[in-house]
1. Using the Karplus curve 6.51 cos²θ - 1.76 cosθ + 1.60 with θ = phi - 60°, work out ³J(HN,Hα) for each residue of segment 88-105 in order, rounded to whole Hz, and write x for Gly and Pro.
2. Amide H neighbours of Gly61 under 5 Å, at least 5 residues apart or on other chains, H built in the peptide plane: list them.
3. Rounded to whole Å and sorted largest first, what semi-axes of the equivalent ellipsoid does the C-alpha gyration tensor of segment 9-145 yield via the square root of 5 times each eigenvalue?
4. Give a residue-ordered list of calculated ³J(HN,Hα) values for segment 55-63 (Karplus: 6.51 cos²θ - 1.76 cosθ + 1.60, θ = phi - 60°; whole Hz; x for Gly, Pro).
5. Using the Cα atoms as the points, what is the convex hull volume per residue of segment 87-127 in Å³?
6. What residues have an amide H closer than 5 Å to that of Val9, excluding those fewer than 5 places away on the same chain, when H is modeled at 1.01 Å from N in the peptide plane?
7. Calculate one ³J(HN,Hα) per residue across segment 121-133 by plugging θ = phi - 60° into the Karplus curve 6.51 cos²θ - 1.76 cosθ + 1.60, and present them in order as whole Hz with x for glycine and proline.
8. What is the set of long-range amide H partners of Ser127 at a cut-off below 5 Å, with H atoms built 1.01 Å from backbone N?
Amino acid sequence: MAADFREPVRVAIVDDQHIVREALAQLLEESGTAKVVGSYRHTDSALEEIGKNGAAAAIIGFDAQVNDPIVTVAKLARLHPELALCALVGPGQPGRVHGAIAAGCGGAVSSSATLDVVVAALQALASGQAYVDPKLGGQLLSAEFGARHYRPPARPRE
């Protein structure tokens, strides 16, 4: 069933840093397109609790963690297979994106992404689609397939 975006997407935030969770929650709430239904650390009891709050998606912080976020994603995917998972990854870390997707995330956004990109990712994931932030997508493809960075053709001299 596709998500109805006339209502805000119900989101849980998982990050070991309280200040990160609070700032992200405030931004998402103020956008009017997301309703933060829970803010959690990477602990087993918190991960079990997420299933009780009716979240459609969870965004998992991957930077400066006390706990391994890959373990968190694997546990969430196992405990709550209906929950759409989104990795919040530092820019320039295609290996983290690959690991997050391999562990069960349906998508990833850069921690430097705009709020619009984060909301677009959460909406896409909640409706059953995959989503990778364009900033990370090119890096991921380059890392996976060894592609060279795109350079526009030289302009002809007049």
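1. 9, 10, x, x, x, 10, x, x, 5, 4, 4, x, 5, 5, 4, 7, x, 6
2. Here the answer is Val14, Asp15, Leu88, since their amide H atoms fall under 5 Å of that of Gly61.
3. For segment 9-145, the semi-axes come out at 20, 17, 14 Å.
4. Couplings: 5, 8, 9, 10, 10, 10, x, 10, 9 Hz.
5. Cα-based convex hull of segment 87-127, divided per residue, equals 49 Å³.
6. Excluding prolines and chain starts, which carry no amide H, the hits are Ala34, Lys35.
7. 5, 5, 5, 4, 5, 5, 9, x, 9, 8, 8, 10, 3
8. Here Ala3 satisfy the definition.
Quick note: the coordinates plus some simple rules give every number you see, no bench work behind them. Note that the structure is predicted; figures quoted are calculated from it, not measured.
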